[in-house]
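The values are calculated or read from the model by the stated rules, or taken from the named source; none is laboratory data. Quick caveat: nothing in here was measured; it's all calculated off a predicted structure. All Cβ positions, glycine included, derive from the backbone under ideal geometry; neighbour counts span all protein chains shown. The area values use the complete protein model at the heavy-atom level, side chains included, leaving out ligands, DNA and RNA. Shrake-Rupley method; radii C 1.70, N 1.55, O 1.52, S 1.80 Å.
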Amino acid sequence: MKLKGDTVFGGRYRLKHILGKGGFSEVWLAHDMQTGLAMAIKAGVGTSGELEMNPAKAFASEYALTFNLRHEHLLLPVFFEVYHDVPCLILPYCEGRSAGRLAGKLSEQEAWKMLRDIASALDYLHNQSPPLVHCDVKPGNILAGSDGKYLLADFGICQKIGPSASGASRKQLGTPAYMSPERFVRGSTPVKASDVFSLGATVYELISGSSPFGQKGGIRLHKGAKLLPLEGDFSAGLKKLIERCLSKDAWDRPSAAEVKSIATDNLADKSSSSKAIRLRLHLPSFLSRLDDNQRILAAWAAFAFLCIAIIACIALI
Ligand code: AMP
């Protein structure tokens, strides 16, 4: 079935316009006539040879896998249904657009925010029992919410890992440009650090404008490729963290928890120094040139002068 704008879908959702397209799906903005809410409908409108399963099965398993997850930086489906033979995942509508359009435009501050928010979501996934690996962290799967928060979306190839997840799919699906070297090894399973590599590749591309290893991705590290140092006016701390995320060996990468903590600390430092700058801006210009000790001395001198003036006034009276 071909979906069209302004039609009522499933007796409930008035379709407005397409927000984006995936491998075998279209994402539509829709008005839910029962609740009045704006929703995003991800509709399986084709078949996926890549997934070797039909969209209905793929969406149903994505819904089941994510059903119990709750995190402020995850954009999760709230419902699965098949309407007029079209399988659909219903998601909260996220007003901000995908980070894909930000390539080469992300500022230092936004890069730290993205690292903090997405690493926080990954840390949550990696600490599930059994752990979950997203497997497809990339700019197109990160959406910016209207409140400025970044959200991780699309759990279509998310995998359970570990001994108790032996039934999970072992297929190496993903987007090569963001995939870590170990994911190209035949028969291997993704590890938590694979997501950290993809997050590093994503932020590298968003600040520099090009992906770290081109469209072929981390496989090039097996062939001796070296990471091009990040150019531009970014702090050494940011460059170093991204480069660590992109280490060839998984164990040389920081955990998602470490990325989150470094990014949180950097944002806190920046906000306290900008508060200090704001405070300084309100001081008369001659005071803003003094250091803290000189300002204390100046305050005491002003106090002494005031006391002498009061005593002098009393004496005159
Ligand atoms: P996906 O097939 O999940 O990768 O989605 C394709 C594109 O649709 C994304 O890159 C977004 O631009 C858009 N999109 C997906 N989900 C939503 C949503 N919940 N709200 C707004 N836009 C979305």
Scanning segment 8-43 for residues that are of a type in the set (D, E, K, R), closer than 15 Å to residue 83 by Cβ and near the ligand (Cβ under 9 Å from one of its atoms), the one surrounded by the most Cβ atoms within 10 Å (Cβ to Cβ) turns out to be 42
Residue 156 vs (1) under 19 Å from residue 200 (Cβ atoms); (2) within 14 Å of the ligand (Cβ to nearest atom): all pass except (1)
Those residues of segment 54-86 that are part of a strand (DSSP E or B) and open to solvent by 40 Å² or more (accessible area, probe 1.4 Å) come to a total of 4
Residue check: is residue 111 within 11 Å of the ligand (Cβ to nearest atom), surrounded by 15 or more Cβ atoms within 10 Å (Cβ to Cβ) and among the aliphatic types (A, V, I, L, M)?
no
Discussion item. Scan segment 160-175 and tell me whether some residue there is over 28 Å from residue 90 (Cβ atoms) and either in contact with a helix residue (DSSP H, G or I) (Cβ under 7 Å, 6 or more places away or on another chain) or modelled with pLDDT of 95 or more (or both).
Written reply: yes
Report task. Check segment 87-101 and report whether any residue there is surrounded by 16 or more Cβ atoms within 10 Å (Cβ to Cβ), part of a helix (DSSP H, G or I) and within 16 Å of the ligand (Cβ to nearest atom). Result -> yes
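The rows are residues; the columns are (1) open to solvent by less than 20 Å² (accessible area, probe 1.4 Å); (2) away from the ligand (no atom under 15 Å from the Cβ); (3) part of a loop (DSSP other than H, G, I, E, B).
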| residue | (1), (2), (3) |
| --- | --- |
| 123 | no, yes, no |
| 140 | no, no, no |
| 146 | no, no, yes |
| 183 | yes, yes, no |
| 186 | no, yes, yes |
| 189 | no, yes, yes |
| 207 | yes, yes, no |
Only one of (1) modelled with pLDDT under 95; (2) open to solvent by 20 Å² or more (accessible area, probe 1.4 Å) does not apply to residue 237, and that is (1)
Taking segment 125-138 and keeping only residues that are away from the ligand (no atom under 12 Å from the Cβ) and in contact with a Gly (Cβ under 7 Å, 6 or more places away or on another chain), one is left with 130, 131, 135
Filter segment 45-60 for residues that are in contact with a Gly (Cβ under 9 Å, 6 or more places away or on another chain) and of a type outside the set (Asp, Glu); the one that is modelled with the highest pLDDT is 59
The residue from 213, 155 that alone is under 24 Å from residue 59 (Cα atoms) and either surrounded by 15 or more Cβ atoms within 10 Å (Cβ to Cβ) or in contact (Cβ under 8 Å) with a residue 12 or more places away in the chain (or both) is 155
